[in-house]
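**Q** The structure follows.
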């Protein structure tokens, strides 16, 4: 549901992987966003209307994505797909991150664009911040990206890990990401991608702040 930039791109990618696709939008002009050669079904109407969903083939659907520009429409449509038609794989695009957390707890996976974008911008504006890229609905595990404090340069990945609480998954260096190894030496400009639980996240914040303070107090020794 939703044939804007996201919906039309999803339709194209799914078709490219040989899936059959139907796309619903309340604005018939939105179908102009579809790439030339789209062979799927286009249905004009509201994606939370059961008859419209039936016309789109919801009863045979393997998955449903609600990616319109309205949070309420996306959530209602996602719940209709899940609860009325039994579609097992359902995802909703949500602009309000507070709503996203609520609906994830109801078992509807959500993609909260505003939260993701805000976290990315905040990370660049305030490098000391440790922000979650993703958090599971039970809040047991978070994925975190952080800019490497200068005082951590030449530390090993293993130095930053805590078995059961923090794990460095990958390093982004010069625009390329790769899986981290325990003996990798960290370099200036690295971005670290970590999986943490609640304890690991609480431990990580003061570690980052201490690293920033150390670099500020001893700038000449930051790379030793």
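**Q** Mind pulling up the Rg/Rh value for the range 5-115? Radius of gyration and Kirkwood radius, both on Cα.
**A** On the way: Rg = 13.3 Å, Rh = 14.1 Å.
Reported Rg/Rh, Kirkwood definition of Rh: 0.94.
**Q** Hey, rough spin-label estimate for residue 169 and residue 19, points 7 angstrom out along Cα→Cβ, what's it come to in nanometres?
**A** 2.0
A short reminder: the numbers here are calculations on the coordinates, not readings from a lab. All figures in this text were calculated on a predicted structure; none of them were measured in a lab. Cβ coordinates were reconstructed from backbone atoms using ideal geometry, including for glycine residues, and neighbour counts include every protein chain displayed.
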